[in-house]
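Engineer: The structure under discussion is supplied below as structure tokens; questions concerning it will follow.
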Amino acid sequence: GEDVEQSLFLSVREGDSSVINCTYTDSSSTYLYWYKQEPGAGLQLLTYIFSNMDMKQDQRLTVLLNKKDKHLSLRIADTQTGDSAIYFCAERGWNNDMRFGAGTRLTVKP
Amino acid sequence: DGGITQSPKYLFRKEGQNVTLSCEQNLNHDAMYWYRQDPGQGLRLIYYSQIVNDFQKGDIAEGYSVSREKKESFPLTVTSAQKNPTAFYLCASRGDEYEQYFGPGTRLTVT
């Protein structure tokens with residue numbers, strides 16, 4: 001099974017906020033990432049957070065990290081139709097191995 | 001422009017044939033990776049290379065082979081021993097920084 005878990009689907013209305021959740025299992029993870037994948041394309045890094053941080057904000061994106069619960073979330077404010085994509089959570093362990101979740105497919109309805 | 005290229009974007013092969021997927025980067029990165037992506041699953045690591053002339057098996061290496069003769073290039077061969085080769089294949093590289101950079105992917109269909 002996956003070491004990193006995400007729900008597979010999320011649907012929101014344009015203009016609403018989206019919250020994508022992720023749980024991970026490796027407490028020694030150094031960095032945690034959110035990647036975006038558009039149809040038929042590679043992964044694009046959206047944002048990352050270092051494991052000693054609780055929160056990181058970058059324009060419409062807010063990442064929250066709860067190390068105690070090994071829970072990571074990505075909030076997208078004012079979600080637009082162009083945000084429709086698959087979002088992957090990933091963790092980087094102490095040996096630089098990357099572990100990816102299965103991806104959350106975000107659908108934004110007009 | 002710096003980046004990672006994968007070619008071709010779409011590849012079709014008959015069952016029983018070996019096929020090689022290309023991955024090239026001009027980012028001067030030491031580490032390179034091959035992942036396989038199937039619907040509803042995360043990326044699974046096939047092989048990785050931390051430096052030229054060295055590579056390691058990932059989680060699902062059976063039926064695949066790689067080489068790393070040049071820093072810029074990390075080709076992946078899908079052999080006839082791979083039971084379910086149809087998938088989307090992603091190559092990535094990483095330098096000293098925190099990020100893995102991904103190529104655009106190759107969709108392989110074997111019939």
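The values are calculated or read from the model by the stated rules, or taken from the named source; none is laboratory data. All of these numbers come straight from a predicted model, not from anything done at the bench. Methodologically, a virtual Cβ is constructed for each residue, glycine included, from the backbone with ideal geometry; neighbour enumeration extends over all protein chains shown. The protein model used for the area step is the full one, side chains on, heavy atoms only, and it has no ligands, DNA or RNA in it. Shrake-Rupley method; radii C 1.70, N 1.55, O 1.52, S 1.80 Å.
Engineer: Just to confirm the filter: which trypsin sites (Lys or Arg not before Pro) across the range A:2-110 are DSSP coil and have at most 12 other Cβ within 10 angstrom of their Cβ?
Structural biologist: Values: sites: A:13, A:36, A:56, A:60, A:67, A:68, A:70, A:75, A:92, A:99, A:105; in loops: A:60, A:67, A:68, A:70.
Here the trypsin sites (Lys or Arg not before Pro) that fit, given the DSSP loop and packing criteria, are A:68.
Engineer: With a 1.4 Å probe and all protein chains left in place, how much of the accessible area of the range B:36-111 comes from carbon and sulfur atoms, in whole percent? Working shown, then result.
Structural biologist: Details: 1600 of 3470 Å².
About 46 percent, which is the carbon plus sulfur part of the accessible surface.
Engineer: Could you size up the charge dipole of chain B around its Cα centre, putting +1 on the beta carbon of Lys and Arg and -1 on that of Asp and Glu, and report it in debye to the nearest 20?
Structural biologist: Numbers: 12 positive and 13 negative charges, 106 e Å.
The calculated dipole for chain B is roughly 500 debye.
Engineer: Okay, next question. Relative contact order for the range B:57-111 using alpha-carbon pairs under 8 Å, separation at least 6, rounded to a whole percent?
Structural biologist: On the way: 63 pairs, mean separation 14.5, N = 55.
Dividing the mean separation by the residue count of the range B:57-111 yields 26 percent.
Engineer: Rounded to the nearest whole Å², what accessible area per residue is found for chain A with the 1.4 Å probe?
Structural biologist: On a per-residue basis, 50 Å².
Engineer: Describe numerically, in nm with one decimal, the distance between label points set 7 Å from Cα along Cα→Cβ at residue A:45 and at residue A:59.
Structural biologist: In this crude label model, residue A:45 to residue A:59 measures out at 1.6 nm.
Engineer: Report the accessible surface area buried between chains A and B, summing both sides, using a 1.4 Å probe on protein heavy atoms only, in Å² rounded to the nearest 100.
Structural biologist: By this definition, chains A and B bury close to 1600 Å².
Engineer: Please list, or write none, the lysines whose alpha carbon is within less than 20 Å of the alpha carbon of residue A:70, excluding same-chain residues fewer than 8 places away.
Structural biologist: A:56
Engineer: So which of A:109/B:83; A:68/B:70; B:14/B:70; A:109/B:9; A:67/A:109 end up more than 31 Å apart, counting from Cα to Cα? Write down the numbers at each step before the final one.
Structural biologist: Values: A:109/B:83 39 Å; A:68/B:70 43 Å; B:14/B:70 29 Å; A:109/B:9 29 Å; A:67/A:109 33 Å.
Flagged as over cut-off: A:109/B:83; A:68/B:70; A:67/A:109.
Engineer: Carbon-plus-sulfur fraction of the accessible area of the range A:1-103, 1.4 Å probe, in percent? Please list the in-between numbers first.
Structural biologist: Details: 2370 of 5050 Å².
In the range A:1-103, the share of accessible area belonging to carbon and sulfur is 47 percent.
Engineer: Using the heavy atoms of the protein chains and a 1.4 angstrom probe, tell me the accessible area per residue for chain B in square angstrom.
Structural biologist: Working: 5530 Å² over 111 residues.
Computed with neighbouring chains in place, this is 50 Å² per residue.
Engineer: Which residue, A:23, A:81, A:47, has the most motion in a Gaussian network model of chain A that connects Cα atoms within less than 10 Å?
Structural biologist: So, out of A:23, A:81, A:47, the one fluctuating most is A:81.
Engineer: What figure, in Å² to the nearest 10, do you get for the accessible area of residue A:19 with a 1.4 Å probe and non-protein molecules left out?
Structural biologist: Here the residue's solvent-accessible area equals roughly 70 Å².
Engineer: Please state the charge dipole magnitude for the range A:31-110, taken about the Cα centre, from unit charges on C-beta atoms (+1 on K and R, -1 on D and E), reported in debye and rounded to the nearest 20.
Structural biologist: Numbers: 11 positive and 8 negative charges, 33 e Å.
Result for the range A:31-110 is approximately 160 debye, rounded to the nearest 20.
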